[in-house]
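All of the numbers you see were taken from the coordinates with simple rules; none came from a lab. Nothing here was measured: the structure is a model prediction, and the numbers come from that model. So basically every Cβ, Gly included, is an ideal-geometry build from the backbone, and we count neighbours across all protein chains shown.
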Amino acid sequence: MNTNITKELLFDHFNGSVSARQRRLIDEWVKKPENAELFYKYLMEWELSRPQYHVDLQKGIEAFRERDKKAQTGNPETVLVTRAFVNNKRQLWLAAACVVAVLGFLGWFFQNQLLYKNLSTGPGEIQTWTLEDGSSVSLNANSELTVPRWGFGSNAAREVYLTGEAEFSVTHKTNGESFIVKTRDHVDVIVLGTQFTVYSRPDKTEISLNKGKVQVQHQTGIKREDLIMAPGDMITLSKKGHVEHTRLKEPAQYAAWKESRFVFDETSLTDIARLLENNYSLSVEIASPEIAALTISGSFKAQDQYELINSICRILDIRYKIKGKRVIFSAETKPE
């Protein structure tokens, strides 16, 4: 970064209190791609620190005209400069005012895009990231985690937004700042230093705790309710608001997907079909209710959807057919 272009100077620039020379320096500096992102980061920080700021275009035009009149009655050199550039300055000022107004709207509309970035996985894909605070997150297939683009900051709760399934290993902060995982169905998982998994799919939200302590906040009607979890606890929240609290013998098994391992405990083919839909973006059809009710218990590895489907069919002694992204389980269909 150019040592002449500091955060304080940019804030003065946004306030409109820099000299013409400083503006030229900033204009040249921001043309470089490596500086543009930092420029917009500070612009967003400046805007957010001034929620009362409002662009009054008409007032700005009137103020400019008043300055124009004063300039024309002042120093002769100033008059010459002003008259030489007055039309361009008026056009530039109006354009700048419009840009500021548009930026204000776009800053509001695209605030998430400016302030946050998305970590995501595709069908059948598993990835692990280390976050800015040292915490790690592993995303299961077809999942997305939204995190602050420029870190969590020094005096704020660490908030991330999850769609899908993830395992978190959260670092403890000496100042006690909490780490909060938010889901789209208004469930907040609040921790201070722990290891846990969060499943947030269209059918339900599920939190299992391996280590540490977790507070779960969820919406029940018009009020928020709190639940405290201890290691080995699993909480399931249905879309209808039903809450189920379960004790797990091996909570770590709920993140077995990190090793491409699947653990089933009297799991019905209906639930396995939902897993195939969520993790691999498949459309699953089960030929009969009798087949749908079949269950599997046990643990096995599968590197992709084909290996998983083959294993399921061998265990349940059923057959399948795959047509593109559509899978049909039945007792009669031969594998293709």
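Observations
- Full extension of the segment from R24 to E266, taken as 0.36 nm per residue of separation minus the current Cα-Cα distance, would add 80.2 nm.
- Where the Cα pairs of segment 185-225 fall when distances are cut into 5 Å bins, in %: 6, 21, 30, 22, 15, 5, 0
- With R₀ fixed at 45 Å, the C-beta to C-beta distance from D226 to N4 puts the FRET efficiency at about 0.30.
- Note on segment 166-205: with charges restricted to the Cβ of Lys and Arg (+1) and Asp and Glu (-1), its dipole about the Cα centre is near 60 debye.
- Residues whose amide H comes within less than 5 Å of that of K117, counting only those at least five positions distant or on another chain, are V147, R149 (H built at 1.01 Å from N in the peptide plane).
- Cα-centre dipole for segment 190-336 with unit charges at Cβ (Lys and Arg positive, Asp and Glu negative), debye to 20: 360 debye
- The modelled label-to-label distance for the pair N35/V243, using points 7 Å beyond Cα in the direction of Cβ, is 5.3 nm.
- Simple Cβ-charge dipole of segment 176-266, Lys/Arg +1 and Asp/Glu -1, about Cα centre, in debye nearest 20: 160 debye
- Computed over segment 201-336, the quotient of the alpha carbon radius of gyration and 2.2 N^0.38 Å is 1.20.
- Karplus (6.51, -1.76, 1.60) ³J(HN,Hα), θ = phi - 60°, over segment 251-261, in Hz, Gly and Pro reported as x: x, 4, 5, 6, 10, 4, 4, 4, 9, 6, 10
- Summed side-chain charge close to T146 - residues other than T146 whose Cβ falls under 13 Å, Lys, Arg +1, Asp, Glu -1: +3
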